[in-house]
Every structure is written in structure tokens, then in C-alpha cells.
1. Hey, among the residues in the stretch A:26-66 that are β-branched (Val, Ile, Thr) and touching a residue at least 40 places away in the same chain (Cβ under 8 Å), which one's farthest from A:Ile370 (Cα to Cα)?
2. When residues of the stretch B:96-114 are filtered for being away from chain A (no Cβ under 14 Å) and in a strand (DSSP E or B), how many remain?
3. Among the residues of the stretch B:96-119, which ones are surrounded by fewer than 14 Cβ atoms within 10 Å (Cβ to Cβ) and not small (Gly, Ala, Ser)?
4. I'm trying to understand the selection: among the residues of the stretch A:521-542, which are modelled with pLDDT of 75 or more and closer than 21 Å to A:Leu437 by Cβ?
5. Is it the case that some residue within the stretch A:63-70 is within 40 Å of the chain's Cα centre (by Cα) and closer than 30 Å to A:Lys136 by Cβ?
6. Tell me yes or no: at least one residue of the stretch A:231-254 is under 17 Å from A:Thr347 (Cβ atoms) and within 14 Å of chain B (Cβ to nearest Cβ).
7. Considering only the stretch A:107-127, I want to know if a residue exists there that is in the same structural domain as A:Ile154 (by TED's automatic domain parsing), hydroxyl-bearing (Ser, Thr, Tyr), outside any helix (DSSP H, G or I) and modelled with pLDDT of 85 or more.
8. Could you say whether any residue in the stretch A:145-159 is crowded, with 19+ Cβ neighbours inside 10 Å and either in a helix (DSSP H, G or I) or of a type in the set (Ser, Thr, Tyr) (or both)?
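The values are calculated or read from the model by the stated rules, or taken from the named source; none is laboratory data. All figures in this text were calculated on a predicted structure; none of them were measured in a lab. Cβ atoms come from the backbone with ideal geometry, glycine included; neighbour counts cover every protein chain shown.
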Amino acid sequence: MAAQTIRVNVDLLENLMTMVSELVLTRNQLLQILRSQKDSEFAAPLQRLNHVTSELQEGVMKTRMQPIGNAWAKLPRLVRDLAHELGKKIDLQMLGADTELDRQVLELIKDPLTHMVRNSADHGLETGADRQRSGKSETGRVTLNAYHEGGHIIIEISDDGRGLDIEKIKQKAVQNGLATEAELTTMSDQQIQQFIMKPGFSTAARVTSVSGRGVGMDVVKTNIEKIGGTIEMKSTKGKGSTFIIKIPLTLAIVSALIVECAGERFAIPQISVVELVRAASDSEHTIERLKGTPVLRLRNRLLPLVSLQSLLRLDREDGANDDETFIVVTQVGTYTFGIMVDRVFDTEEIVVKPVAPILRHIEMFSGNTILGDGSVIMILDPNGIASASGEITISEGGRGETTAVQTARQDDRMALLLFMAGGGAPKAVPLSLVARLEDVDMASIELSNGQPVVQYRGKLMPLVPIDPAFERHNEGRQPVLVFADGDRSMGLIVDEILDIVEEKLVVQLAADRPGYMGSAIIAGKATDVLDAGHYLTRAYKDWFGSSSSESFEEERAHRVLLVDDSPFFRNLLTPLLSVAGYSVTTVESANEALNLCEAGESFDVIVSDIEMPGMSGLEFAQAVRNGSRWQDTPLVALSSHASARDLDRGRQAGFDDYVAKFDRDALLYTLAQTLSEHRGAA
Amino acid sequence: MSNAKLPAKRGKTEETIVSGSQDFVTMTIADQMFGIPVLQVQDVLGHQRITRIPLAPPEVAGSLNLRGRIVTAIDVRLRLGLPARPKDKPKMSIVVDLRGELYSLIVDSVGEVLSLSSEDFERNPATLDIRWREVSTGIYRLNNQLMVVLDVSRLLNFANMEAA
């Protein structure tokens, strides 16, 4: 008998899928028209078209479906090898291997799944001897279970091993500075377990039994969230852990809730919607406000609320009904919050289409689509909303989780050190610039060459007071911010250190006072933002005689072109690089940089931001590398994302190196390195 | 609708000046005549229902549905630094293709297609408004008025435009 299967190019199937999606939309449009016209002669044929289209859609979807078992095929072997290697007895059970899901989704979850099974076998299960001691059977069990549930696929990975050790996670969280002891005591076990999903949580000390457990869990989580899925975790000490992954059946069509806010309609993917609550003055739920922040009492818990209207800066419509608000309770990971909207419509099956390139920087949207009535609608991204609603995320119910989301997504937030000095408003400086905080005994301050210095780690460190009226006392201790550069350091004397906050720094008023960059609202207060560069040069010029030191002698004449759209970073990096002996030219955009190129300027090295409006850093690199006059000039990328993948993308675009935005030491080192390498090569 | 053929139309912009005669779709914005090479134009639309996009740059008027494809609408008036269109004034759109994405350029009205000889072409006067100079490849001298040639890719390359 001839073979009953044929091979078909995947592109063909993809194409077919897109076409059918369009057909479905057209059908929806027709049905909409039909509904408004009674007794149309088109009714019967349209009904038939409707059925045929639905079946066609189902059929085409099926061609893309593959049993999840395909992704599991290699797991028995992997577990057998692991068992051998670790000297454990492991029994791998796979249930629901014939559960089908979209091949695109399948490809994307393959690696995370493998990783998690390996984790369970390696770190979750104890050794045979340990197991017998705690009264379990010698053979450990890892179970994979896949099944459909309401348009989603659920995959459970569970083991009957030792479970997560809360105490050890707590210890590590404190060690890694993710939370303080005080914060930990207010957290539930569930919240504490979430720490293992944090980037780099356990890489520090792999030797402890709990640590390896979290390796790469943040990557797993990111990958799953990328395809619109969620991951949950349950663990009982001594009994084992279960990870529950919930992913959509297909990426092409998602079910979405249509809501309205300030006269505009938006779609919210159904997968993240938990429930809908109507809040009105006459209903049992009312919105209460804590210092202006809306919250809702929901089953004895406070639910933080986000106003879609203010988040998207929509204008309030005249005559809008303020008494009634609908709250879409949304879950991102384990963090639950409510999105306030004016009206809620139906759910609709929508085909997600990417937004135009000029709109891709707006985090709030994951795509757009065309509704049955033919209008275009934006699809909200719950992840983006969760991270954009920064302030409210520090709340009960998901602290660990949200901070993780923030670190992953909030690239323009930075840690700021707040302190008081010389009266007036609080002052702030990016924490990344500060090497250390010290408490200096005033009695130990000496005068050298008319300047206050202190002996610090075997060297003399110049001290600069921020307050010009600062007078040296002979007793007491004073907090000092230590800025270090290479092996030199200087101390900035302040009055009091207030806090460290993580905020988006927007300098609102430019300062005309030297030493300040301007004012910004930080932690709800007007705060002066310190121009660290000013004080650095002050200390170095006064103290080292010139603006360069021996270590940079050779590079002194090197010309650096700095491309960054943010005035803040230009202001921050320019003094820094000049102090290090570079001659710095700054431009605001890649286009300006290319104009300089055409104008015949030349530089020894170009440092460019990646995320810029207009031409991005990657495009810029390609343009430079693609036969421009600067094609041999080394390029260093500056970015807040510095994962291995970004690095790769940067390299492909033509960057020689990649530096995280706030890491000045790395920047200086990389510049020196790149230049010397380049000289070596030339 | 097939978009497989579209990329072939790209890259014409740079050559507009060289060849002997060129066809342009003309349009008017605030009583000034503009032209776009006819090969770059996909469609001409009348009034359309446009979905606003919150947080987008001001020049982005929103997005609309063109036979199942989502098209980003750009208000050319704002892009050229002209005052916003009075509400009651009718508007028309020209749909263009840039790197496989469709954009709808909202203008006051769309005129005819003109075939213009390169003898009437001139580079931008040095004194032209910088915003216009940025997006224009040059000027055609017509009998009774001047026509500004718009470069679609530069017109769409405005602040906040990310890598395509």
C-alpha cells in the first residue's frame, strides 16, 4: 500500500494559515452585516459559508498540530543518562503525550521543558539513600502530564523529591540583595519560592543543594511568557515540587476580551484574564483610594488597580459615566492586578498581527488585529502593563514576582541613591556610579596641599564636600560616597544617606548650578540630580594635576564618538570619558552620527546606544559597517539589555563589543581593550 | 491580496532624478502641491475609520483596515510641521509600501497623475524649511505652481521610528 502521508513545506502551511485567518475575519464581517439585515436572501448561503469556513479553519489548524510527545521523545534517554551519572534511580512517567499543539508553540517550549525535567531529576530528587531514610521508595519519580483545558494546554512537571527549601531560598535572597530580612518575614512561602524564577538567583553558589534548582529558571519563565503562557509552581518540603505551565493552543489565533476605555476599544488576551468585577457606588465592590492609588477589596485581599485611561494617557470623554467601572482582574505570573476600564464587551477570537515598526517601542501593546466589524484594535500586553505600573507593583500578593518582571523589562529604571547635603531638596545620584558608601571619622581627615584627604585602603583619597559651606569638624562621623575610577577614588561628603530607590529618572528642570544636572521627581519628591562628573573632575583636576593619568597616557588623544538619545547619559558619560583621557564628541541620534561621517570626521572608537528613536543602534552599526567611511572603526554598543542573545544580535549588526549601560568600569575597560586590540590588528 | 510583489517596487526613490520622465501622483496639503512617484503608491482612499493609537508619536494618526491588512496612518500635515487639519475639512489618504509595511499618508486631497520631465526638476532650495528639506528630494517647476517631491522612506523615518 502506498504511503498515507506526504511531506509539505512548512512555509506553505504557514501561508495557508494566514489565508484562512483572513477568510475567518471576512466571514465574521459578513455575519456582522447579516445580523443588521433581517430576512436577507444571503442568510442561507452565508450560513453555509460560515460552516465551511469553520471546518476549513479547524482543518488547517490541525495540519499545524503535532503531538507534544514529539518534544518529549528525547527525555527518557536524557533521564536515563542523568540517573546513571548521578547514581539515582529515576522513573520518568509521561502522560498525555498525544495532546496536540501548534508546531510553532511546540518548538518554543521544547528547550524549556527539557531544562525543567533535567532540573527535577538533578536537583529535585534526592539520592536513593536519602529517599529511603525519609521513608520514600528508592526510585524517584518525575512525571510529565499534558492535557487540554479551556483552549489552553497545561503541562505539569512534577517530582516527588525534596521540594524547595524555603530557608535556603530566604538566605540566598538576602545574600543576593533581592529582599531584606524584614521583607521576607512578611512574605508567604509561595512568594518566597518565586525567587527561584529571578534572573541569576542561584548562579552565585552552585554548591548548595537548593541553588542549582534555579539555574535558568528565569530563562524558562521568559521563554514561556514570550509565547503568552504562564508558569506556576507548587512545592511542599519533603514531598516534591510541581511546575505548571499554561500555554495557548496556537499563537495564530487567540481569544481576547474586548474592553472600552475613554471611547477607545482594546483587546486583552483571555489567557491573562482571571475574572471581571463591576465596581459601582451601588454594588458591593467600590474602588477605594490610598494616596490617590486606586485599590479594590476583593475577597478580603487588596487588589492593586491600574487605570488604563491614565496609563495610555487617554482623554476623558465628556459625559462619561464615572460611577461604574469594570475591573479586569489580570494575572501575570503570580502577580495579580486589576485593569480599570469603562465597558466590557464580548470575547472574540482574534488573529494577532505585529504592530508597525514605528510603534514597536510602545510596551503596552503586544500587537493589533482586525475585529469582526472591520475595525482595527490594539492588543494590550499584560506584561507591559504590569511593569509600566511600577509603583503599584510593590504590594501584597506578588512582590517577588513583580520585581522579577521589572528587572526583566524595565530597562530605563535605575537605582538611585538619595541623600541630603547642604540643605534644600534631597539629592540623588545613580547608584551604579557609587563604588561604596563609607562612614568616615572626621578626626581621621587630614589636610594635604590645602585639600581634605583621608587615608583609605592604603591610599590617600581626596574628599569633596557637596555643601560649599561645609566645615570640617574634628569629631563625629560623616557619610561619604566613594566614587572609584581605576585605582583612584574620591569621596563626596554628604550629610545623610536617605534611601536607595529604583525609579525612572526624568530630569525635568535643567539646572544652571554647576554640579547639578537638574531636578527630577524621585520617590514623590522634587530631588536635585547630582552631576557626578562635575565632582569627579573637581577632585581629579585639583588632585592629579591634569585630566589624565598614566594608565591612559597612550589613549589620551583617542577620539570617542558617543551616540545616545538620552541627554542624561550624554551628560553622565561625557565627563566620565573626558576624565579618563578621551576626547569626546556626542550626538543625539544615529542620523547625526552618520552626518558626521559624511562630513569627514573620524573617530578612534564609536560608542552607541542600542535603543534610540529613529535609527536604532543596530541599524546604525549596519550602516557604518556597510561600506561607510567608518567601516573599520571599532563600535561598542551600550545597552541596558545585555543578555547573550542581545550580544549576538549586536555582533551580527557589526558591533565589536557590548557594555551594560550603567557599568562604567566595564565601559572604560572595554574602550581601552577595543582600542588596543584594534591597534594590534591594524 | 498578495504582498509578494511589493518589495520589487522599493528602491525607486533614489533614481527619481536620473531618468528622463517620471510619473507622480499629486496631492495638496495646505494649498501646497506635493508629489509621490506613482510606482510607490498602492492605493488612494477616501475617508476611513481610523483607530487611534495611545502613546504613539503625534504624527501617527492611528491605524486602519485595508482589505484585511493593518495600515498605519500618518498625518502628513503634522509631519511637515503644518497646523493640524480643521475638523470639517475633508481628507484623503495615499497608501504607500515601505519595507513590506503599509502606511497611509493623510493629505487634504489627491490630484491627478502627472508625467514630468527631468528638465523641470530642481534640487531643494537651500533656504527651504529644514523639516521639508529633510523629506523632499527636490522640486518640479510646473506651469503655474511648484510641486515638492516627497521621499516616502524619509517621510516615514521620524522620531520614535524603530528599526524595521
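1. Here the answer is A:Thr63.
2. Number satisfying all stated conditions: 8.
3. Correct list: B:Arg99, B:Glu112, B:Val113, B:Glu119.
4. A:Ile522, A:Lys525, A:Thr527, A:Asp528, A:Val529, A:Leu530
5. Within the stretch A:63-70, one or more residues are within 40 Å of the chain's Cα centre (by Cα) and closer than 30 Å to A:Lys136 by Cβ.
6. no
7. No, the conditions are met nowhere in the stretch A:107-127.
8. yes
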